[in-house]
Amino acid sequence: MRLDKLLANKAYGSRKEVHQLLKDQRVTINGEITTKKDIHVDIESDVITVDGQVVNTKQQYYVKFHKPKGYVTAVEDAKHPVVMDLLPPEYIKMGVVPVGRL
């Protein structure tokens, strides 16, 4: 993924604002300052920082489904079955958590 697109998607500003961050030498990849806006980064392995703060490159996942009657929207509950019981284990490994009714 292009660095400027990643940073814009992560709300570091518009592409134009991200280009200024790069010109100002405020962005590093794996500890090295970069000023190239079109450089491609590996979001799985590269460590990207802006002003010394690490950019979270983890992909967010959302799962939308109809909660069956009798289940509660929670990670655990002593009295009722929870929606997490309905998800495959790989979803839990990805960090999916219930956020309530929409």
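Quick note: the coordinates plus some simple rules give every number you see, no bench work behind them. Computed from a predicted model, the values in this text were never measured in an experiment. Backbone-built Cβ (ideal geometry, glycine too); neighbour counts: all protein chains shown.
Using a simple spin-label model with points 7 Å from Cα along the Cα→Cβ vector, what separation in nm is obtained for Tyr61 and Arg2?
2.9 nm
Percent relative contact order of the stretch 1-85, based on C-alpha pairs within less than 8 angstrom and at least six residues apart? Intermediate values should be presented prior to the final figure.
Details: 96 pairs, mean separation 17.0, N = 85.
20 percent.
Find, to one decimal place in angstroms, the Kirkwood hydrodynamic radius of the stretch 3-54, where the mean of 1/r is taken over every pair of different Cα atoms and then inverted.
10.7 Å is the Kirkwood radius here.
Find, among the chymotrypsin sites (Phe, Trp or Tyr not before Pro) in the stretch 1-90, those assigned to loop by DSSP (not H, G, I, E, B) with at most 10 other beta-carbon atoms within 10 angstrom.
Tyr61, Tyr62, Phe65
Hey, rough spin-label estimate for Leu87 and Val75, points 7 angstrom out along Cα→Cβ, what's it come to in nanometres?
So the label points at Leu87 and Val75 sit 1.0 nm apart.
Per 0.36 nm of contour for each residue apart, how much would the distance between Asp24 and Ala11 grow if the chain were fully extended, relative to their Cα-Cα spacing? If you can, show how the numbers build up before the last one.
Details: separation 13, 0.36 × 13 = 4.68 nm, distance 1.76 nm.
Answer, rounded to one decimal: 2.9 nm.
What ranking, highest mean first, results for peptides 36-44, 72-80 when packing means the other Cβ atoms within 10 Å averaged over each residue?
Top to bottom by mean Cβ count within 10 Å: 36-44, 72-80.
Give the percent of DSSP beta bridges with both residues in the chain that are antiparallel, rounded to the nearest 5.
Roughly 90 percent of the DSSP beta bridges within the chain come out antiparallel.
Of Thr35, Val55, Pro68, which is farthest along the charge dipole of the chain in the positive direction, counting Lys and Arg as +1 and Asp and Glu as -1 at C-beta?
Value: Pro68.
Near Lys10, which lysines are there with a Cα under 23 Å away, not counting those fewer than 8 places off in the same chain?
Within reach: Lys23, Lys36, Lys37, Lys58, Lys64, Lys93.
Considering the alpha-carbon set of the chain alone, what are its Rg and its Dmax in angstrom?
Final numbers for Rg and Dmax: 19.2, 57 Å.
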